[in-house]
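Contents: one structure, followed by commentary.
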Amino acid sequence: MWQSLPELGTGIVYAILLAAAYTFAVALAAGRGRPRLLQAARYGAYSTSGLVLFAVLLLSYAFVSHDFRIRYVAHYSDRRMSTAYLLTALWGGQDGSLLWWSLLLSGYVAACVAWLKGRYRELQPYVIATLMVIVAFFAVIMLFAANPFETSIAGARPDGEGLNPLLQNYWMIIHPPSLYMGFVGCSVPFAFCVAALVTRRLDNEWVIAVRKWMLFAFLFLSIGNVLGMRWAYEELGWGGYWAWDPVENAACLPWFTAAAYVHSTMIQERRPMLRVWNVFLICLTFFLTIFGTFLTRAGIITSVHSFAQSSIGTYFVYFMGLILGTSLGLMVWRLPELKSKGQIEAVASREAMFVANNWALLGGMTFILVSTMYPKISELWGESATVGPPHFNRWMGPIGLVIFALMGMAPLFGWRKTSGQSIKKAFRAPLIAAGVTVALHLALGKYLGYPFLVARDAFYPGVVGVILQKVGSTLPGITIALCGFNVAVIVQEFVRGVNARRAAADKRREPESGLLSLFRLVEKNRRRYGGYIVHLGIVSMFVGFTGTAWNIDRETAMVPGDHYRIGEYDLTYEGSRRCPGNPKCSPEEQADIEKMMIFADLKVTRAGKEMGYVHPAKFIYQSSPDGPTTEVAMLTTLHEDLYTVVGQIDPQSKRATFQLHVNPLVSWIWMGLLILMSGCIVSLFPELSLAEAGAWSYLRASAGVAAGTGFAVWMAMTASTAYSHTRPPKAPPSAHLASLPPTPQLPVSGLGTAGVVGLGLGSVVAFGRRRKDDAKSPRD
Amino acid sequence: MNKRFLRMSVVRWAAPLLTLIAAITSGALFGVQLVVLTLAAAALLLIIFLLWSSVQALAGESELTFEEAFSFGARSAEEEQKRAVLRALKDLEYERSVGKISEEDYHEYAARYRAEAKRLIQNLNEHLAEQRQQVERELERRLAKASGTPAPVSAEPESTLGSARGPEETPEIEPKEPEKSQPSGLACRQCQVQNELDARFCKACGKSLLEAEESAS
């Protein structure tokens with residue numbers, strides 16, 4: 001069976017299953033009183049990860065050597081594709097993406113085993129065993145339902161079918177891996193949770209062990225979701241970024257529970273409370289990641305993301321049953337030990353706020369879950385209901401605002417109980433800020449194009465509809481006011497911290513400057529202030545989400561020379577051109593052999609000032625001539641995006657139809673992601689000091705963080721070159737070349753992969769601190 | 001032991017480096033396909049090595065590594081708990097400094113956390129006492145060996161133990177009941193920072209407070 005590459009590949013998948021089973025058995029033996037076997041289990045886990053890596057490399061080889069005997073390769077690539085896209089095709093389809101998923105999982109396994117080295121000896125065997133079960137599950141699916149190495153019955157073809165043009169986009173290269181990183185990352189906390197339940201070590205031990213892993217997963221869930229929005233925004237061409245598509249919903253569900261856990265864990269670390277709750281949240285988060293994958297893969301609900309129908313759904317159902325059974329069984333078994341030993345003493349305490357916020361997050365999650373599943377649920381009683389975006393938008397607005405308000409209020413309360421006096425003191429400045437924001441918004445909003453009240457239609461008949469309508473029309477104003485409140489809270493927290501530090505320093509007669517104090521404050525309480533920075537990122541995102549209330553959407557048809565006015569923009573349609581062929585096309589466009597491109601050139605002026613050109617287009621790929629793709633063209637500012645899409649272009653008269661959108665404040669969402677990422681990095685930065693850990697560990701940690709930060713900066717920088725790979729630079733017809741600098745042709749996909757790998761490696765390095773870093777002095 | 005360690009580290013760094021160089025060279029000469037193949041070959045070698053190591057460990061043939069031996073002795077759970085309690089104390093200080101917790105509550109919780117921290121530190125110390133003695137014995141023996149003189153201490157190691165353990169290294173903390181909510185404390189002579197009444201060392205500069213107490217009394 002080893003005589004050809006496809007057979008070798010299948011053999012390796014068998015080997016993954018065997019190695020995982022072996023490791024599972026040895027790990028269990030190590031857990032049952034034979035501790036010296038742990039080393040064997042650890043090596044076993046490493047070699048399982050190695051085997052997955054080997055399988056991925058084999059498949060990559062099949063792609064770059066155009067081995068069309070393999071069905072997956074023939075289906076998702078062709079000979080014209082560049083190497084970068086050939087490698088993207090690894091996760092472009094069902095079978096390969098499961099292998100890719102396994103690769104990320106085994107990356108986590110290797111990182112976790114390396115990090116565990118000498119610590120948590122009692123938990124370690126069960127952590128490894130749990131992770132191996134998950135690896136084995138994916139190996140089973142690959143073997144029996146979605147083997148990426150399966151050969152075509154008809155034999156090798158001369159050429160493949162090529163990758164779906166929708167997937168040949170820069171954000172497509174990078175958003176699934178980030179999202180998978182987040183999804184897969186939830187396995188490690190789950191493994192620790194199971195280990196703690198099995199070993200009865202239900203103290204703070206596992207909670208502390210899990211903390212950074214969960215934060216890491218949360219970070220990547222956020223990145224993946226926002227990058228997914230960006231992909232939808234730039235590639236799908238309907239003018240928005242979030243359509244409440246079932247798969248989008250599935251991707252954001254674990255984000256809610258992860259966010260809830262990150263907060264409730266802080267309570268358990270301080271007081272013996274909420275233990276059942278935390279175990280429940282971790283299990284639920286992991287369950288939702290598998291459930292989300294199931295929704296995407298099994299195709300039970302139609303969505304833009306759906307892969308081809310296949311039989312893997314059944315396997316997922318069994319696995320979900322296993323997860324539910326195991327976690328519920330363990331929880332019930334250990335319930336006596338999980339019982340809370342403390343209780344919330346006052347409503348005016350941070351614990352109470354956190355619990356409220358947890359409930360709100362979970363409520364939002366449940367709402368999305370039920371609404372997403374409703375079409376399927378309603379089939380049970382023979383109805384076939386559809387649930388559209390308006391339904392989600394109506395309800396999620398208020399729910400989101402409750403979460404947002406609680407997020408602002410929680411930091412103002414102290415632990416256990418807060419006196420009325422200090423609450424008054426803490427709320428004063430933020431409330432004033434919110435009031436000032438409302439006043440400014442009422443006074444200036446109309447002139448800036450962001451009025452306080454936005455009229456809405458009644459969506460439901462009856463009282464509920466009227467209430468929702470009234471609430472809906474005030475939402476933009478309330479959101480902006482809450483943004484003011486939240487920012488004031490965060491600023492106040494920083495100011496109070498800095499003041500306290502400076503006062504203490506003055507007392508010691510070692511005065512500190514404000515900046516130095518700020519730096520040391522954050523450095524000494526990274527988790528807390530990192531968290532506040534994350535909150536700031538969320539505020540920025542909420543500003544962006546609110547922007548949709550003031551969207552302007554228009555449709556029009558124009559012949560060359562026509563003008564159209566939308567918002568403050570004046571658009572002049574100068575005609576269409578077909579590339580390659582038209583003399584006005586740029587050299588890159590002329591040289592493109594993959595596709596035919598039809599551009600519509602629109603000149604944009606705003607308040608009399610020339611802003612340059614936008615070129616919405618239709619691309620017709622040779623690999624799929626029947627389905628032309630819509631290429632969006634945008635003019636982005638911090639204030640708003642001008643978003644243009646061309647519908648049909650008549651080849652003779654050049655008459656074209658356009659969908660035009662002005663989307664205010666969308667950039668704030670992407671900006672919010674960058675702030676959120678930097679906040680997470682601040683929180684995740686390994687805690688060690690030069691003197692204790694030795695220069696080497698410090699260097700390793702810094703390298704890890706540098707890789708992470710580099711990734712963030714790189715993402716920010718390349719945002720503007722997002723089109724460079726699939727689209728030629730937006731060069732205007734020759735005369736205007738000087739007005740817009742051509743976008744540099746970065747090898748973005750290579751950089752993307754390098755960035756993700758770099759961040760992964762960096763974090764492995766950063767997490768893999770030596771033991772001595774942990775033996776820290778009590779004063780730290 | 002040292003040689004083996006050195007060899008391991010060389011292999012650990014040299015092997016990936018060689019793989020990388022091989023991959024890049026083959027890529028430059030023969031194209032991207034060979035890069036992937038080289039990497040795959042390296043991965044296969046690594047897998048074989050790892051599986052071999054695993055089977056060796058399973059058969060009980062591998063030597064006990066230092067890390068492994070060390071981790072047998074460590075009680076990570078208590079170590080982690082200690083860190084959590086110390087962190088909680090630090091947070092409490094912070095909350096007091098920004099005025100989020102009342103003075104009364106602060107003293108109550110601080111006392112509780114400090115009692116817990118003391119209990120944990122003491123447990124850890126007790127647990128490690130035996131090992132510490134062993135290490136000190138070994139250290140003395142080696143020091144004596146290194147200085148060339150015959151080792152008189154190795155004959156009766158017990159007698160040297162007391163002198164070897166200074167108060168700085170193993171603070172023997174008696175499990176005292178924590179004093180409740182007494183705002184006054186013990187001022188450090190060196191830096192004038194107020195410390196709790198049951199403190200033995202200053203929390204700011206680390207100077208022993210016991211001397212201060214003794215000389216004062």
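Tabulated results
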{"quantity": "Cut-off 10 Å between beta-carbons: net charge of the residues surrounding residue A:562, Lys and Arg +1, Asp and Glu -1", "calculated": "0"}
{"quantity": "Calculated from backbone phi, Karplus (6.51, -1.76, 1.60) coupling profile of region B:14-22 in Hz, x at Gly/Pro", "calculated": "6, 4, x, 5, 4, 4, 4, 4, 4"}
{"quantity": "Positive minus negative residues near residue A:149 (Lys, Arg vs Asp, Glu; Cβ under 14 Å)", "calculated": "-2"}
{"quantity": "Residue pairs, from the table A:376/A:618; A:417/B:90; A:212/A:424; A:212/A:425; B:3/B:118; A:470/A:603, whose Cα atoms sit over 30 Å apart", "calculated": "A:376/A:618; A:212/A:424; A:212/A:425; B:3/B:118; A:470/A:603"}
{"quantity": "Heavy atoms of residue A:677: accessible area, 1.4 Å probe, square angstrom to 10", "calculated": "0 Å²"}
{"quantity": "At R0 = 35 Å, FRET efficiency that the Cβ-Cβ distance of residue A:440 and residue A:331 yields, to 0.05", "calculated": "0.10"}
{"quantity": "Per residue solvent-accessible surface (Å²) - region A:212-262, probe of 1.4 Å", "calculated": "16 Å²"}
{"quantity": "Given charges at Cβ of Lys, Arg, Asp, Glu: chain A dipole, positive-most of A:648, A:343, A:83", "calculated": "A:343"}
{"quantity": "Unpartnered cysteines - no second Cys beta carbon under 4.7 Å - across chain A", "calculated": "A:112, A:186, A:193, A:252, A:283, A:483, A:680"}
{"quantity": "Cα centroid separation, region A:414-450 to region A:5-40 (Å)", "calculated": "57 Å"}
{"quantity": "Separation of alpha-carbon centers, region A:343-365 and region A:214-246, rounded to whole Å", "calculated": "27 Å"}
{"quantity": "Chain A - percent of accessible surface contributed by carbon and sulfur, probe 1.4 Å", "calculated": "65 percent"}
{"quantity": "Part-to-part distance (alpha-carbon centres) for region A:70-122 and region A:560-628, which is given in Å", "calculated": "37 Å"}
{"quantity": "Charge dipole magnitude, Cβ of K and R +1, D and E -1 - region A:136-217, Cα centre, debye nearest 20", "calculated": "380 debye"}
{"quantity": "Chain pair A, B: total accessible area buried, heavy atoms, 1.4 Å probe, Å²", "calculated": "5200 Å²"}
{"quantity": "Formal net charge of residues neighbouring residue A:330 (Cβ-Cβ distance under 14 Å; K, R +1; D, E -1)", "calculated": "+3"}
{"quantity": "Excluding exposed DSSP-loop trypsin sites (Lys or Arg not before Pro) (at most 12 other C-beta within 10 Å), longest clean stretch of chain A", "calculated": "A:510-778"}
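The values are calculated or read from the model by the stated rules, or taken from the named source; none is laboratory data. Because the structure is predicted, anything quoted here is derived from the model rather than measured. Ideal geometry is used to build each Cβ from the backbone, glycine not excepted, and the neighbour counts take in all protein chains shown. Note: areas computed on protein heavy atoms with side chains; ligands, DNA, RNA excluded. Shrake-Rupley method; radii C 1.70, N 1.55, O 1.52, S 1.80 Å.
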